[in-house]
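J.: The following block contains the structure, expressed as structure tokens.
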Amino acid sequence: MVLVSWLITGLIVGAIARLLVPSGGRHLGCIGTTGLGILGSLVGGAVFNVLAGDGARFRASGLIGSIIGAVLILVVARLFRPDPARR
């Protein structure tokens, strides 16, 4: 049951992050969006742990932290991936 909740939450968080940061023509699909949300949760948890002074431990964060983490991942990915429309 925990796995199902992670997948559903990851899908929701990934979808919200993709709405906040447009993909620029790149398609992640349902699995990629779910992975983005789950990874965003771990990144958000690590960032908040560092800011709180608890060290850089990876652990799941709350919904807001997950969205912030997923948005950070999308922004960094856009910086390092060339835009497919420019080809």
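Computed from the coordinates by the stated procedures, all read-outs in this text should not be read as laboratory data. Predicted, not measured: the structure shown is a model, and the values here were computed from it. Reconstructed Cβ throughout: ideal geometry from the backbone, glycine too, with neighbour counts over all protein chains shown.
J.: At 37 °C and a viscosity of 0.692 mPa s, what translational diffusion coefficient does Stokes-Einstein give for region 28-81, taking Rh as the Kirkwood radius over Cα pairs? Give it in µm²/s as a whole number.
T.: On the way: Rh = 11.1 Å.
Calculated translational D: 296 µm²/s.
J.: Let me ask you something else. May I ask you to order 32-41, 12-21 by the average number of other C-beta atoms within 10 Å around their residues, highest value first? Mind showing how you got there, number by number?
T.: Details: 32-41: 21.9, 12-21: 18.8.
Highest mean packing first, the order is 32-41, 12-21.
J.: Let me ask something additional. Got a sec to turn the phi values of region 13-18 into Karplus ³J(HN,Hα) couplings, 6.51 cos²θ - 1.76 cosθ + 1.60 with θ = phi - 60°, whole Hz, x for Gly and Pro?
T.: 5, x, 5, 5, 5, 5
J.: When the chain is fully extended, how far beyond the present Cα-Cα distance does Val50 get from Leu28, taking 0.36 nm per residue of separation? Write down the numbers at each step before the final one.
T.: On the way: separation 22, 0.36 × 22 = 7.92 nm, distance 2.90 nm.
So the chain would gain 5.0 nm between Val50 and Leu28.
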